Each structure stands twice: as C-alpha cells, then as structure tokens.
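Chemist: Here you go, one structure.
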Amino acid sequence: MNQTLTLYWIKRDFRLLDNIALTKAIEESDQVVPIFILEPSFLNAPDTSVFHVHAVIDALQDLRHQLQQKGTDVAVIKGEVIPVLDTLYQKKKFHKIVSHEEIGTERTYGRDRAVNDWCTQYSVEWTEVRQTGVFRRLTDRDKRHKEWKRFMFSDIVPVPKSLKKCVHPEEWSTLFYEKNRALTFADTPFQMTSEQQQYVQAVNETAALQTMQDFLQVRGFLYRGGISSPVIAFTAGSRMSVHLAWGTITGRVLYQATQARMDELQQLKDAGDPYAGRWRMSLRSFTSRLHWRDHFIQRLEREPEMEFRAINPAYEQLEYDNAPELLQAWNAGMTGYPMVDACIRCLHTTGFINFRMRAMLTSFACHTLHLDWKIINHPMARMYTDYEPGIHLSQLQMQAGVVGINTLRIYSPTKQIIDQDPETVFIKKWIPELRPYSIEAIVGHEEEPVDNYPAPVVDRKVNNKEMRSRVYAIRKIDGYREIANRVYEKHGSRRSGSKKKKPVVKKT
C-alpha cells in the first residue's frame, strides 16, 4: 500500500507550540516533509525589507534547531512555489499539502490561488487551517466577536510528542539546502548594518515565549499609560507584535497566558496586594488590543482590494499633491519636525516604534505633507519588523482618514513632543544634530528654526487646514452617509454595542 506523503508548508508559522497544521499533517499522514520555500518574489517585493528577511532567517533557524534536537529538520529550498511543487512532484509524487491560512497582500493571495489550481490539476489535497481569530468567508460581522472568543478559548495544541514521521525523501535530497546549512543574508539581496544588528528584535519561538513571560511577570505593569511615549514604549509595550506577525507564537497562546496571569493577579488583589489592581488593568488593556488586532486583519480578509483603494470609495476622489521631494524628506527623517524625524530614523535602525507614533507619521504624511496613503504604503511597511499587512493597511487608511467611520485625527508633532517626550530624550537620541539645543529650542523649532537641522519643509497649520477642507468636501457629497453606513456594516466593530457617531476632527 502506498504511504501518504504530505508537505507541511511553512509560511508565517515558525513554531512547534499550537501548530495546528503540523499536528494535523502528522496525525493524518504516514510521512511528513516540513518545507520552507524562500521565494524570490518575497525578496523582491516592494514591501519587503531587511527587517523581514531577518525575521525569516531568525525564526527559521530556531525552528530548525528545535526539530534537529528531535531528530528531523526543515527542508529549505529557494524558488517560486509553483516551480518548486512541479519539481518535487516530478521527482516523487506527494498526496497532500497542509499549511496555515495566510491573510496577506495580492502577492501571497495570488500565489495561493495558483497553488490551489495546481493542487486541483494534480489531485493533491491542500488543507489550510486557521491559526488566528480571523475567519475566512465571514459574511455576518455581528457574529465575529462570539466566534473570536470561542477560538481564543479553545484548546492549545501541544508540541507534537513524536516527529518520527517527519522525513526528507531521498529523491529530493539534491533539491534542498545541505543538511545543517543555515539560511543567511548571503542567500538574499539584503544585509543588516551593524547598528541594525544591535537594535533589531529577535524573532523566534524561543524568544517569543521568553518575551511573553517577561511582559506578563515584569514589564506589563507599565503597559497601561506607558505605551504612548516612544521613550518607554520599548519596554512598557509587550513587544509581542513581531512574534504574532511571523507566527513564532499564536494569539491564542498569548491570550490564554494573559488571562491566566489576570486570574492570578485577581487572587493577589483579593489578598491585599497594592499593585495587583494596576497590573490587572494593564493586562486587560492588552487583551483588548489582541482583539483589535484580529479585527483589523479581518478587514483585509474580507476586502483584499483595500491594498489598492480606500475601503470607503468616496475617498478615491480625495486629492493629494504627492510632491516627490516631500516624500523623500519624510522617508529620510529630514522634514524639520523633530518628533517625526526622530521616529523615522528610529524605525530605520530598530524596525520598531509604538502605535501612537505610527499614527502620527501617517497623519503627518497624509494631512501635512499631502502624500497619498498609497505611496507611503510600501515605505512604511518596510520600516516595521512586525509588518502584518492586515493591520498595516487598516491603520494606514484609518489614520489617513479615508475610512470615514472613525474620528479624523490630525496630529501635531510639536504637541507630541510636549506630551510624549517632554525632556526630548528620544529626539536627542535619534537626531544628534539637536543634542546641543535646549528643550525650549527644540519644541520651538517649528516657529524659530535652529541651525544645522532642516527648517520645516511645509507650513503645518496651513497644510492641515487645506487637507481638512478636502476631507470635509468629500463628506458633504450626496450619498456619503449611505456609503459610510455600508462601510460600517461591512467592517465596523460590534463589540459592546458599538454606535455610529458623526465623524469629527480631533487634534492630537
């Protein structure tokens, strides 16, 4: 009798714990080949950067190390997926492919459609399993929260007890990287600078579990009220976003671990611990953000076209100036607005900045520099080690103000200095030209520019007023309210009986 040979196709799921796809493949097959395909289309994609390649290299190396300790390994091959499948199938037929669902860009969506067609042509069974609280083909948004809670509280899949079924067929041995050869930057067009190597976050399952425990037991106390400032967000934040993005941990593992810690804190609070209450409030805020994470990714799953157009079609009429020199200044951290420039320079080195500063960067680009969110999409994606297309595109459109069901926030970079970096510690760290100057001089640079640092490239107040007028002109067109209502019905949150409110402009 022919044995069932299955490919476990590794994508953004570099882990053993709560790995539904690998566990399913082992349970339902006689032989399983864990395979990672390094796609040139990924390396050459306009949204790929050195930070993403670092994440893949680091995560894959850790996974391989764990598998090697259990007597097996990941088969690594470089090439586009369809030609790789063709070559493998010609050498030795396989019967199934098992992978996790991926909610990505048109590049990965198109690739997966091609894989589905290939599997149909060769009668290969392809099973995709959910690894997040995002639901394919969800037509009733009102049911999403209930389904999300059910999934997040369902049983975590343990690390497989045995990996004896994981093999590398002899027929394929010459196609894969040599045994024990690690994937490195030499296999890619990218190379990290020494400064990036110093700052970039580790992205692997071992680091994910350690970071989670450090957050839940030590750092999480400062989460509530501490994540808005770039000065302390590097430690007050969970720092789990990269691990969720690259699948070195699942949201379900993180959510249940957080709930368990909250239960423990409740007992400590009842026993009189004076700090347990604040601890618990911080972690409650964190669990809320885990819910919002999947909520935003669900938007991309429901409407893949949002990569290319506003989910509120009325805003396709919104006019931008798109001056190339302003895009260049923004991307180089040379706009003459210290908080903006510090954040951009920090991102280019570390691959991380906190959420509020990301929102400010988008608002500044779109509302102040009059740059279309579509032309900053890829530059911003490349800056984030934790790049998750669904979150990135949703937040990009929301902060640009083209969703139309949220409050329009137009950020003042100067106000953000006063609120979030009052001692200019963060700014001076990333903009050495400003280190000789006083706090007052840096805060006042917008009105009275200092030497040896660019003057503001535009008049912020004038440009913000102009963009505000353009946005509100869209909101006054006939039928706008009906369009916004349709967007809400399709994409709006249903938690806690969310109510539709008339959009307003808020300065932050």
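Coordinate-derived values only; no laboratory data. Computed from a predicted model, the values in this text were never measured in an experiment. All Cβ positions, glycine included, derive from the backbone under ideal geometry; neighbour counts span all protein chains shown.
Chemist: Counting Lys +1, Arg +1, Asp -1, Glu -1, what net charge surrounds Gln68 among other residues with beta carbon under 13 Å of its beta carbon? Write down the numbers at each step before the final one.
Modeler: Details: positive: Arg64, Lys70, Lys179, Arg181; negative: Asp62, Asp73.
Charge balance near Gln68 sits at +2.
Chemist: On to the next question. Helix-derived [θ] at 222 nm for the chain: sum -39500 (n - 2.57) over DSSP H runs of at least 4, divide by residue count, nearest 500?
Modeler: The helix-only estimate for the chain comes to -15000 deg cm²/dmol at 222 nm.
Chemist: Would you list Asp386, Asp112, Asp273 from fewest to most Cβ contacts within 10 Å?
Modeler: Values: Asp386 21, Asp112 18, Asp273 12.
Ascending number of Cβ neighbours within 10 Å: Asp273, Asp112, Asp386.
Chemist: Related question: Once amide H atoms are built 1.01 Å from N in the peptide plane, which residues 5 or more positions from Glu101, or in another chain, come under 5 Å H to H?
Modeler: Excluding prolines and chain starts, which carry no amide H, the hits are Val129, Arg130, Gln131.
Chemist: Then there is this: Among the trypsin sites (Lys or Arg not before Pro) in the stretch 226-317, which ones are in a DSSP loop with at most 16 other Cβ atoms within 10 Å of the Cβ? Mind listing them?
Modeler: Arg309
Chemist: Could I ask something else about it? I want to verify the translational diffusion coefficient of the stretch 305-507 in µm²/s; compute it with Stokes-Einstein, Rh as the Kirkwood radius over Cα pairs, at 20 °C and 1.002 mPa s.
Modeler: 121 µm²/s
Chemist: For the chain, max minus min Cα coordinate along each principal axis, in Å, sorted largest first?
Modeler: Principal extents (largest minus smallest coordinate, Cα): 80, 58, 49 Å.
Chemist: Determine how many Å³ per residue the convex hull of the Cα atoms of the stretch 205-291 encloses.
Modeler: 85 Å³
Chemist: Evaluate the distance, in nm, between pseudo-label points positioned 7 Å from the Cα of Phe190 and of Arg486 along their respective Cα→Cβ axes.
Modeler: 3.8 nm
Chemist: Counting only GluC sites (Glu not before Pro) that sit in a DSSP loop (anything but H, G, I, E, B) with at most 12 other Cβ atoms within 10 Å, what is the longest stretch of the chain containing none of them?
Modeler: Result for the longest clean stretch: 1-177.
Chemist: How far is helix 81-91 tilted off the main Cα axis of the chain, in degrees rounded to 10, range 0 to 90?
Modeler: It works out to around 10 degrees.
Chemist: From the convex hull of the Cα coordinates of the stretch 353-426, what is the mean projected area in square nanometres?
Modeler: 5.2 nm²
Chemist: Let me ask something else about it. Which of rounded, prolate, oblate describes the stretch 141-228, given a ≥ b ≥ c as roots of the alpha-carbon gyration tensor eigenvalues and a/c under 1.5 marking rounded, otherwise prolate only if a/b is larger than b/c?
Modeler: Note, shape of the stretch 141-228 comes out oblate.
Chemist: Would you mind working out the magnitude of the charge dipole of the stretch 25-122 relative to its Cα centre, with +1 at each Lys and Arg C-beta and -1 at each Asp and Glu C-beta, to the nearest 20 Debye? Spell out each step's value before the answer.
Modeler: Working: 10 positive and 15 negative charges, 78 e Å.
That gives a dipole near 380 debye.
Chemist: Right, another one. What span do the alpha-carbon atoms of the stretch 280-415 cover on each of the three principal axes, reported in whole Å from largest to smallest?
Modeler: For the stretch 280-415, the Cα spread along each principal axis is 41, 36, 26 Å.
Chemist: At what distance in angstrom do the alpha carbon centres of the stretch 148-170 and the stretch 36-75 lie from each other?
Modeler: 19 Å
Chemist: Any chance you could give the angle, 0 to 90 degrees and rounded to 10, that helix 373-383 forms with the longest Cα principal axis of the chain?
Modeler: Once rounded, one gets 60 degrees.
Chemist: How much of the pair distance distribution for the stretch 1-84 lies past 19 Å, counting alpha-carbon pairs only, in percent? Numbers along the way, then the final one.
Modeler: Numbers: 1480 of 3486 pairs.
Of all Cα-Cα distances in the stretch 1-84, 42 percent exceed 19 Å.
Chemist: Rounded, prolate or oblate, given the Cα gyration tensor of the stretch 1-142, with a/c below 1.5 counting as rounded?
Modeler: In terms of gyration-tensor shape, rounded.
Chemist: Kindly express, to the nearest 10 degrees and within the range 0 to 90, the angle between helix 480-491's C-alpha long axis and the longest C-alpha principal axis of the chain.
Modeler: 40 degrees
Chemist: The stretch 316-332 to the stretch 402-428: how many Å between their Cα centroids?
Modeler: Computed from Cα coordinates, the inter-centre distance equals 19 Å.
Chemist: Still on this structure: Write out the chymotrypsin sites (Phe, Trp or Tyr not before Pro) in the stretch 116-155 meeting two conditions: DSSP loop, and at most 16 other Cβ atoms within 10 Å of their Cβ. Could you put the intermediate results ahead of the total?
Modeler: Numbers: sites: Trp118, Tyr122, Trp126, Phe135, Trp148, Phe151, Phe153; in loops: Phe135, Phe153.
Here the sparse-neighbourhood loop sites are Phe153.
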